[in-house]
Amino acid sequence: MFQVSVPPISLFATIICLTLPFPPPILSLQSAVNVWPKPRLVSWPKPLARSLSTNFTINSPYHQNLQPAISRYLRLFRTEHHRPLITPTVNVSTSSPHLQTLSIDISDPAAPLQHGVNETYSLSISEEGETANLTAETAWGAMRGLETFSQLVWGNPSVVPVGLYIWDAPLFAHRGVMLDTSRNYYGVEDILRTIEAMSANKLNVFHWHVTDSHSFPLMVPSEPELAAKGAYGPDMIYSPSDVAKIVQFGFEHGVRVLPEIDSP
């Protein structure tokens, strides 16, 4: 007969994981509104929806990193026509006007993307009227709200739940992914795709382990020999323009790029 022993540290970790206080989202009704990650508060007392206008627009105060995000989500709203695996059982109103606009209000548009930045937002889509409202403390919270709104739109022609209120705030200030390009080189497009996926999951820190003793793929203009002799190959080097592109792409997706540069 086999006996399986659980190391004390594993048992301790299991107990801790089972007892951590992770509060569930509060739902006013069991419904088919599926948003990921689950918001802290969802209120949708009646399963109603109405059509999204083909000329749907987003109004927002200007922010250099939020504007590209708005353009990106507008294209998504107008072209994706997502069909969920389980179509929500709702009554689609034919008498209410189409939803024309998402209005964004930001309390502190100058807040930088840094550890602990406020990412709280609330989203309200009423049964009547042509405007939904997204209120956020910062532009970064507004990006999280845009992602939530994008997950609520489905069908062709597109419809969106109404009579809906969502309030959300992250449980953890640091929600990240680490990629080690010193041991395994990844092209710039792969890194951008990773950041895009992080944004879709409302993660906010891309820990980029750029260099280590295994390889030094980062081009440092003052010390060009580091990359020339330290990279795996001449086509496996990140130029200064590559780094700038990745950092800017991160800002436009609400993801802070945190580089780690170890000695060769």
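The values are calculated or read from the model by the stated rules, or taken from the named source; none is laboratory data. Bear in mind the structure is a predicted one, so any value in this text is a computation, not a measurement. With ideal geometry, Cβ positions are generated from the backbone for all residues, glycine too; neighbour counts draw on all protein chains shown. Protein only, heavy atoms only, side chains kept; ligands, DNA and RNA dropped before computing areas. Shrake-Rupley method; radii C 1.70, N 1.55, O 1.52, S 1.80 Å.
Give me D for the chain in µm² s⁻¹, whole number, from Stokes-Einstein with Rh from the Kirkwood sum over alpha-carbon pairs, 10 °C and 1.306 mPa s. Reported coefficient: 76 µm²/s.
Suppose every K and R has +1 on its Cβ and every D and E has -1 on its Cβ; what is the size of the dipole of the chain about the Cα centre, in Debye to the nearest 20?
Values: 16 positive and 22 negative charges, 160 e Å.
Around 760 debye, computed over the chain.
Phi angles across region 35-47 convert, under the Karplus curve 6.51 cos²θ - 1.76 cosθ + 1.60 with θ = phi - 60°, into 3J(HN,Hα) values of 10, 10, x, 4, x, 5, 9, 10, 10, 8, x, 10, x Hz, Gly and Pro given as x.
Of all the C-alpha pairs in region 176-261, what % are more than 18 Å from each other? Value for region 176-261: 38 percent of Cα pairs lie more than 18 Å apart.
For the chain, relative contact order (Cα pairs under 8 Å, six or more residues apart, normalised by length) works out to 18 percent. For region 41-168, the solvent-accessible area with a 1.4 angstrom probe is 46 square angstrom per residue.
Annotation: amide H of Leu41 within the under-5 Å range of Ile26, Trp167, sequence separation 5 or more or interchain, hydrogens built in the peptide plane. Rolling a 1.4 angstrom probe over the chain with all protein chains present gives an accessible area of which 59% lies on carbon and sulfur atoms. Of the chymotrypsin sites (Phe, Trp or Tyr not before Pro) found in region 34-107, those in coil by DSSP whose Cβ has at most 16 other Cβ atoms within 10 Å are Tyr62. Remark: region 57-69, residue by residue, has Karplus-estimated 3J(HN,Hα) of 10, 10, 9, 7, x, 5, 8, 4, 9, 6, 4, x, 5 Hz, where x stands for each Gly or Pro and the curve is 6.51 cos²θ - 1.76 cosθ + 1.60 at θ = phi - 60°. From the helices alone, meaning DSSP H stretches of at least four residues, give me the mean residue ellipticity at 222 nm for the chain, per-run term -39500 (n - 2.57), in deg cm²/dmol to the nearest 500. Computed ellipticity for the chain at 222 nm equals -8500 deg cm²/dmol.
What the pair-distance distribution of region 41-168 shows, using all Cα-Cα distances binned every 10 Å from zero, is 13, 45, 32, 9, 0 percent. All other residues whose Cβ lies under 13 angstrom from that of Pro259 are scored, Lys and Arg at +1 and Asp and Glu at -1, for a net of -4.
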